[in-house]
1. Identify the single condition in (1) out of contact with any helix residue (DSSP H, G or I) (no Cβ under 9 Å at 6 or more places or on another chain); (2) over 30 Å from Ala222 (Cβ atoms); (3) of a type outside the set (Ser, Thr, Tyr) that Leu95 does not satisfy, given that it satisfies every other one.
2. Looking at the range 123-169, which of the residues that are of a type in the set (Val, Ile, Thr) and within 9 Å of the chain's Cα centre (by Cα) is nearest to Ala244 (Cα to Cα)?
3. Just a yes or no: is a residue in the range 55-78 at pLDDT 95 or above and within 28 Å of Met169 (Cβ to Cβ)?
4. Given (1) of a type in the set (Ser, Thr, Tyr); (2) closer than 22 Å to Phe149 by Cβ; (3) surrounded by fewer than 18 Cβ atoms within 10 Å (Cβ to Cβ), identify the lone condition not met by Ser86.
5. Could you check the range 62-118 and list, in sequence order, the residues that are assigned to a loop (DSSP other than H, G, I, E, B) and closer than 12 Å to Leu51 by Cα?
6. Hey, Glu48 hits all of (1) over 24 Å from the mean Cα position of the chain (by Cα); (2) within 24 Å of Gly125 (Cβ to Cβ); (3) of a type in the set (Asp, Glu) but one; which does it fall short on?
7. Right, Leu41: out of contact with any helix residue (DSSP H, G or I) (no Cβ under 6 Å at 6 or more places or on another chain) and buried (at least 16 other Cβ atoms within 10 Å of the Cβ) or not?
Amino acid sequence: MLTSPKNPRIQQIRKLQNSAHTRRDVGLFVIEGVRLAEEALIAQWQPELVLFTDDLGDRGQPIVDSYRQRGAEVLSVASQVMQAASDTQTPQGILVVLPLPNWELPAPLTFVLIPDGLRDPGNLGTLLRTALAAGVEAVVLPSGSVDAFAPKVVRAGMGAHFKLPILSMDWETLGPRLTGLNIFVADSSGGTPHYQADFVAPLAIIIGGEAEGAGNQAQKLATSRIHIPMPGDAESLNAAVAGAILMFEVVRQRG
């Protein structure tokens, strides 16, 4: 059992929790809790390391046993060690270190989501969860958004990270990959009402950040602007809510 929060491996996990640069540099990220550990297990992701505490419940212990049977390194840790490694106030007794995925952009593409400049981890995680539910084929993140594998994003994604291709790509590389798609940018200031747009043909939807909306490069790439009509006295919608409305309008039109 690991009993010291100063153990070098625990310190490395803290760095993975806190730094997108560290995650990219070593190619690892962290998930916590029984639900996410179970989702990763079902998706057959092979962890680098699994930590658990003795008070892990009846649902969590079989997950630990399954990882051990698959050859993963599994360590029992004291509660204070789990607390030191955790990104949450109340750890659930299991933490898993996983390799960052090496997703490829699927082909052919018919339904892509591009969050542009999202800073809020909860919004991005919710968008990823919704994208998975709506049948989005890939989510592409240009620079300027919060890291998709930050702890709060992963928690809000509720397992979407294990099933949905999530890629980082600059605009210059992304543009040619979207050839043949209608590229819609959500714009609260105007454009075609979303329910009048043609969402049946292959498309990409760009959702801008919470404060400033989509950036100049997104606007240049877009072939159409769309908006969600709002009869009430509100300036804009939360990015995750707007994304959900637009993605499920695609589902409705293709129904």
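The values are calculated or read from the model by the stated rules, or taken from the named source; none is laboratory data. Model, not experiment: these values are computed from the prediction. Heads up, the Cβs are rebuilt from the backbone with ideal geometry, glycines too, and the neighbour counts pull from every protein chain shown.
1. (1)
2. Checking each candidate, the answer is Thr126.
3. No, that holds for no residue.
4. Checking Ser86 against (1) of a type in the set (Ser, Thr, Tyr); (2) closer than 22 Å to Phe149 by Cβ; (3) surrounded by fewer than 18 Cβ atoms within 10 Å (Cβ to Cβ), the one that fails is (3).
5. If the condition is that a residue be assigned to a loop (DSSP other than H, G, I, E, B) and closer than 12 Å to Leu51 by Cα, then Ala72, Glu73, Ala78, Ser86, Pro91, Gln92, Gly93 are the ones that fit.
6. (1)
7. no
Yes/no matrix, rows are residues, columns are (1) of a type in the set (Gly, Ala, Ser); (2) within 22 Å of Gly27 (Cα to Cα); (3) free of Cβ contacts under 8 Å to residues at least 12 places away in the same chain:
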site	(1), (2), (3)
Ala107	yes, no, yes
Gly125	yes, yes, no
Arg129	no, no, no
Ala148	yes, yes, no
